[in-house]
Amino acid sequence: MATVRRPGAYHCGIDAAMDVIGGKWKVLILWALDERACRFGELRRQVSGVTEKVLASHLRELEEDGIVHREVYDEVPPRVEYSLTPLGVLLNEALAPLGAWGREHVIGGMEDARHVRRQGFSPASPDGVAENRGEHAEGAAYPLVLQGGRPDSR
């Protein structure tokens with residue numbers, strides 16, 4: 001089933017999982033395949049910016065790890081479709097809370113920063129961190145915002 005690329009080198013489960021999904025494009029490939037099986041060209045269009053070489057390489061690695069299934073149909077012209085295996089579906093389910101965290105704390109934080117700036121709050125102190133916190137209508141504080149628009153980790 002799954003191939004371990006670095007036997008004995010993992011320190012924890014997150015380290016092992018990151019080895020499987022590491023790289024810029026693998027999670028986007030998983031996201032695209034979550035909807036339905038896709039041919040190579042469809043995947044390339046859905047994951048805009050990925051090169052054919054990198055997409056082929058990542059698909060091979062995900063297939064070796066038991067995450068993606070490659071189905072070759074005996075047709076003329078030949079047709080190949082990629083889909084998630086049951087292990088790939090479980091991996092996508094495990095990644096869903098991480099995606100929710102990103103939407104709430106990174107993407108949402110960027111929206112909050114734009115709102116804070118539109119409301120006339122001081123954009124940033126000399127060290128690059130906003131001095132003021134805006135308030136949501138519900139009373140929850142906005143995160144501190146770096147000048148680049150990302151939430152501060154404090």
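The values are calculated or read from the model by the stated rules, or taken from the named source; none is laboratory data. Since the model is a prediction, treat every value here as computed from it, not as a measurement. Cβ placement follows ideal geometry from the backbone for every residue including glycine, while neighbour counts extend to all protein chains displayed. All accessible areas refer to the heavy atoms of the entire protein, side chains included, with ligands and DNA or RNA removed. Shrake-Rupley method; radii C 1.70, N 1.55, O 1.52, S 1.80 Å.
Worth a mention:
- Accessible-area ranking of Leu33, Leu95, largest first, probe 1.4 Å: Leu95, Leu33
- Placed amide H near Val68: partners under 5 Å, 5+ positions off or other chain: Glu63, Thr85
- In this rough spin-label picture, where each label sits 7 Å from Cα along the Cβ direction, the Asp34-Ser57 distance is 2.5 nm.
- Charges were assigned to the Cβ only: +1 to each Lys and Arg, -1 to each Asp and Glu. The resulting dipole of the stretch 14-65 about its Cα centre is roughly 360 debye.
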